[in-house]
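**Student:** Provided herewith is a single structure, encoded as structure tokens, for subsequent inquiry.
The values are calculated or read from the model by the stated rules, or taken from the named source; none is laboratory data. This one's a predicted model, so the numbers in the text were calculated from it and none came from an experiment. Please note: Cβ atoms are built from the backbone with ideal geometry, for glycine as well, and neighbour counts cover all protein chains shown.
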Amino acid sequence: MQDAVGALLQPRSIAILGASDRSRWSRTAFDNLREGGFAGPVHLVNRRGGTVHGQAAAESPGAIGEPLDLGLVLVPAEAVADAVRDLGAAGARSAVILTSGFAELGEAGAAVQRGVADAARAAGVRLLGPNSLGFINFTDHVCAWTTPVRAPSRRQGVAIVSQSGATAYFLSTLAWRQDIGLSHVVATGNEADLDVTAVARALLGQTPTQALALFIETVRDPAGFLALAEAALAARKPLVVLKVGTSEVTAKSALAHTGALVGDDRVFDGICRQYGILRARSVEDLLATADLAGRCGPLRPGGLGIVSNSGGICEIAADTAAARGIPLPDLTPEAAAALRQTIPGFATPHNPLDLTGAISPEQCGAVVDIVAAQPGIATVLCPYYEVPTAAEDVSERLTGLHAALARGLQAAPVPGFVVSYTGTHLSDLSRDIVAETGLPYLACGLDRAVTALSGTFAWSDRLRQPPATPRAAPAMEAARPRSEHAALQCLARHGVPVVPAILATDAEAAVAAAGAMAGEVVLKVASPDIGHKSDMGGVALGLRGEDAVRDAFHRITAAAGLHAPDAVVEGVLVAPMRPRGIELFVGVTRDPQWGPVLAVGLGGVWVEVLKDVALRLLPVDAAEARRMLESLRGAAMLAGQRGVPAANLDAVASAIARIGEAALAFGPDLAALDVNPLWVRGDQVEALDALCIWQESQGGEGK
């Protein structure tokens, strides 16, 4: 696949099929190739022949009479399959289908698209598109693109891969305006063959590509996407994704908590956390984050140093960093003392550092040296005057300040940038200033730069985490647990600590079971047909003494007969009453796209009220389970409450990981598994309740 993408993006000769002087797409593609510096021949094909764009046109690809690598196809949709066959016969290895009118129009168009894909496979031609604007390989000067192209000043940096051509065009234009380096721009369109994952995976191996910026509407190859994320981590290159479209997971059971908590977008959030993907929420953030993270590379542990010429901007920057979770380390006493000898006397040496308007260029460079050398600083951000965009804005002092900042940041032991106060565009003059001084400049504005840094810190932390502990696949369960008792027994077989419970089939057996347990007990109806027992009076808490247990048995079984007369009642579960602790929810559901998804959150009623849930794809190890716990908004509750000792997070994480293993052992027919609550009190961890729901039981009462 990577070879196919490489052949597509690095052709030696190109033909435009459907070339016509009446088509602005044809003219623009031809001009882009010629003006963009493509070194190979560009052939034109028009079934009538003649002269097109000032040069002779062949009537077919076969009539060109020279070797052909790539075809840009502009013929009508109904003629595309034949055009692809002709390209294959002429020896072309790749084609970009620029024509629209395929799957984006519905089933009729999708059928035509499938025909094109079949023709391409038979002809040995790999496809980009249809409904694509093409691609730009800035590194190798191949601009196979059908809208105007503005080449970046740096032909390396961010590789943009987008399922939307218009979005790719906007991103590349914004990159030019903000002087962001680009290596490639690829619009994958309808993805009849090569998709965004395949293209991105190939670009990841290109040295000029420092970061990937993906705009996706859907993930057609989930396994390939996860492999891309793993490869990006291994390559230590940031993968930044803007994914649009949210929907609830289909085929969920209304009887399972998990189904109500897990949606496609929330699952994707969990995947991003799990696989070190930086998720952007706007096209501007997508580009800014990819640019900054790619230029920074992995950051060392630490926080942010802020140096500005405005006290107000310092405060804004500090507040923005705090809101994004970025620490601002204090300066060491030695650094503060050195700064007092450097900055104007009325300035205060701390982080963030206000240089005041009285700073000189010489002082400015020395300040950056001192701040960047702090052991707790991982990166430096200098919100400063914008680089002049017009000649009247240029002054000797401002030029000197920018030159001093450039020298200081270039020599710093950590990455650093000068950033505009707000988002701006560079003029030819400002581009020249940045190029001449070597100023590491961000024109995206302070807020977006801090957002990008927040993602870069998170990505850097993820790179420092050890790889997941490999575990053997769990042995498959021979039978489906249909009741709570059976589910708890299965969990126990997989190493999950569960509450000791005894199934009593009559009142006297319940009394005997309770007598064997110290302290108060709990009684719960045991039935494979009753899911949420407390809703119908199927649970009795805090029972002590024979009479209380006997009465509760009769009351519970009677309630079951009243509220679920058709249910099979096996008896009553008797378990010890646990003291007050922390209740967690652990669930597994099956996402139709991504597979089994683990959910962890605060348990009891809070899981439905707060919906504070961390999600990951299975399998997970204990280390990942612990990170899930630490990511919860309610994580502070695990540190202990009044009368409840702090949770042993390692013990809790181990139990969660084993619940995930058990869910995998239940096989693909498991629709949902709920453990609610997972009771935690200090070092004690127990599953107090478990519910399994199977695929064929969704929409019914069977478990």
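**Student:** (1) modelled with pLDDT of 95 or more; (2) among the aliphatic types (A, V, I, L, M); (3) touching a strand residue (DSSP E or B) at 6+ places or on another chain (Cβ under 9 Å): which one isn't true of residue 166, the others all being true?
**Tutor:** (1)
**Student:** Next up: Output the residues belonging to segment 507-528 that are crowded, with 16+ Cβ neighbours inside 10 Å and over 17 Å from residue 562 (Cβ atoms).
**Tutor:** Residues satisfying the conditions are 507, 509, 510, 511, 513, 514, 517, 520, 521, 522, 528.
**Student:** When segment 16-56 is examined, which residues are found to be more than 43 Å from the chain's Cα centre (by Cα), buried (at least 17 other Cβ atoms within 10 Å of the Cβ) and hydrophobic (A, V, I, L, M, F, W, C)?
**Tutor:** 52
**Student:** Exactly one condition in (1) surrounded by fewer than 23 Cβ atoms within 10 Å (Cβ to Cβ); (2) without any contact (Cβ under 8 Å) to a residue 40 or more places away in the chain is false for residue 148; which is it?
**Tutor:** Of everything listed in (1) surrounded by fewer than 23 Cβ atoms within 10 Å (Cβ to Cβ); (2) without any contact (Cβ under 8 Å) to a residue 40 or more places away in the chain, residue 148 misses just condition (2).
**Student:** Something else now. What is the number of the single condition among (1) crowded, with 23+ Cβ neighbours inside 10 Å; (2) at positive phi; (3) not β-branched (Val, Ile, Thr) that residue 643 does not meet?
**Tutor:** (1)
**Student:** When you go through (1) in contact with a helix residue (DSSP H, G or I) (Cβ under 8 Å, 6 or more places away or on another chain); (2) farther than 23 Å from residue 10 by Cβ one by one for residue 123, which number turns out not to apply?
**Tutor:** Residue 123 satisfies every listed condition except (2).
**Student:** Restricting attention to segment 422-438, does a residue exist that is in contact with a strand residue (DSSP E or B) (Cβ under 6 Å, 6 or more places away or on another chain), at negative phi and surrounded by fewer than 23 Cβ atoms within 10 Å (Cβ to Cβ)?
**Tutor:** yes
**Student:** Further question on the same structure: Would you call residue 192 hydrophobic (A, V, I, L, M, F, W, C), assigned by TED's automatic domain parsing to the domain that holds residue 38, surrounded by fewer than 22 Cβ atoms within 10 Å (Cβ to Cβ) and in contact with a Phe, Trp or Tyr (Cβ under 8 Å, 6 or more places away or on another chain)? Give the derivation first.
**Tutor:** Numbers: hydrophobic (A, V, I, L, M, F, W, C): yes; assigned by TED's automatic domain parsing to the domain that holds residue 38: yes; surrounded by fewer than 22 Cβ atoms within 10 Å (Cβ to Cβ): no; in contact with a Phe, Trp or Tyr (Cβ under 8 Å, 6 or more places away or on another chain): yes.
The answer is no for residue 192.
**Student:** Ok, one more. Taking the options 541, 562, name whichever one is farther than 14 Å from residue 510 by Cβ, not assigned by TED's automatic domain parsing to the domain that holds residue 682, not hydroxyl-bearing (Ser, Thr, Tyr) and not in a helix (DSSP H, G or I).
**Tutor:** That would be 541, the only listed residue that is farther than 14 Å from residue 510 by Cβ, not assigned by TED's automatic domain parsing to the domain that holds residue 682, not hydroxyl-bearing (Ser, Thr, Tyr) and not in a helix (DSSP H, G or I).
**Student:** Only residues that are buried (at least 24 other Cβ atoms within 10 Å of the Cβ) and either modelled with pLDDT under 95 or over 17 Å from residue 6 (Cα atoms) (or both): list them for segment 112-128, please.
**Tutor:** Within segment 112-128, 113, 116 qualify.
**Student:** Oh, and also: Give the residue that is nearest to the chain's Cα centre (by Cα), with candidates limited to residues of segment 529-549 that are buried (at least 21 other Cβ atoms within 10 Å of the Cβ) and hydrophobic (A, V, I, L, M, F, W, C).
**Tutor:** The selected residue is 530.
**Student:** Using beta carbons and a limit of 9 Å, which pairs, at least six apart or on different chains, have the first residue in segment 114-139 and within 26 Å of residue 180 (Cβ to Cβ) and outside the structural domain of residue 81 (by TED's automatic domain parsing) and the second one surrounded by fewer than 24 Cβ atoms within 10 Å (Cβ to Cβ) and of a type outside the set (Val, Ile, Thr)?
**Tutor:** No pair meets every condition.
**Student:** Hey, another quick one. Counting only residues that are at pLDDT 95 or above and touching a strand residue (DSSP E or B) at 6+ places or on another chain (Cβ under 9 Å), give me the helices (runs of 4 or more DSSP H) lying completely in segment 254-369 with at least 1 of them. Steps first, answer last, please.
**Tutor:** Values: elements: 257-261, 264-275, 283-296, 311-323, 333-340.
Once the helices (runs of 4 or more DSSP H) in segment 254-369 are filtered for at least 1 residues that are at pLDDT 95 or above and touching a strand residue (DSSP E or B) at 6+ places or on another chain (Cβ under 9 Å), what remains is 264-275, 283-296, 311-323.
**Student:** Would you point out which residue out of 572, 568, 511 is part of a strand (DSSP E or B), on the phi < 0 side of the Ramachandran plot, among the β-branched types (Val, Ile, Thr) and not assigned by TED's automatic domain parsing to the domain that holds residue 688?
**Tutor:** Just a single option satisfies the conditions, and that option is 572.
**Student:** Tally the residues that are assigned to a helix (DSSP H, G or I) and in contact with a Cys (Cβ under 7 Å, 6 or more places away or on another chain), restricting the search to segment 164-178. Step through it out loud before you land on a result.
**Tutor:** Our first condition is that a residue be assigned to a helix (DSSP H, G or I); within segment 164-178, this holds for 165-177.
So of that shortlist, the ones also in contact with a Cys (Cβ under 7 Å, 6 or more places away or on another chain) come out as none.
Residues meeting the conditions: 0.
**Student:** Exactly one condition in (1) over 36 Å from the mean Cα position of the chain (by Cα); (2) closer than 19 Å to residue 310 by Cβ is not met by residue 392; state its number.
**Tutor:** Result: residue 392 passes all but (2).
**Student:** Among 547, 535, which is the only one that is within 30 Å of residue 633 (Cα to Cα), charged (D, E, K, R), out of contact with any strand residue (DSSP E or B) (no Cβ under 6 Å at 6 or more places or on another chain) and part of a helix (DSSP H, G or I)?
**Tutor:** Among 547, 535, only 535 is within 30 Å of residue 633 (Cα to Cα), charged (D, E, K, R), out of contact with any strand residue (DSSP E or B) (no Cβ under 6 Å at 6 or more places or on another chain) and part of a helix (DSSP H, G or I).
**Student:** Still on this model: List pairs: first in segment 390-414 and under 15 Å from residue 359 (Cβ atoms) and assigned by TED's automatic domain parsing to the domain that holds residue 428, second charged (D, E, K, R) and exposed (fewer than 14 other Cβ atoms within 10 Å of the Cβ), Cβ under 8 Å, 6+ apart or cross-chain?
**Tutor:** Within 8 Å, the pairs are 404/362.
**Student:** Pull up segment 571-613, narrow it to residues that are at pLDDT 90 or above and over 29 Å from residue 635 (Cα atoms), then point me to the one that is farthest from the chain's Cα centre (by Cα).
**Tutor:** Per the stated criteria, the residue is 571.
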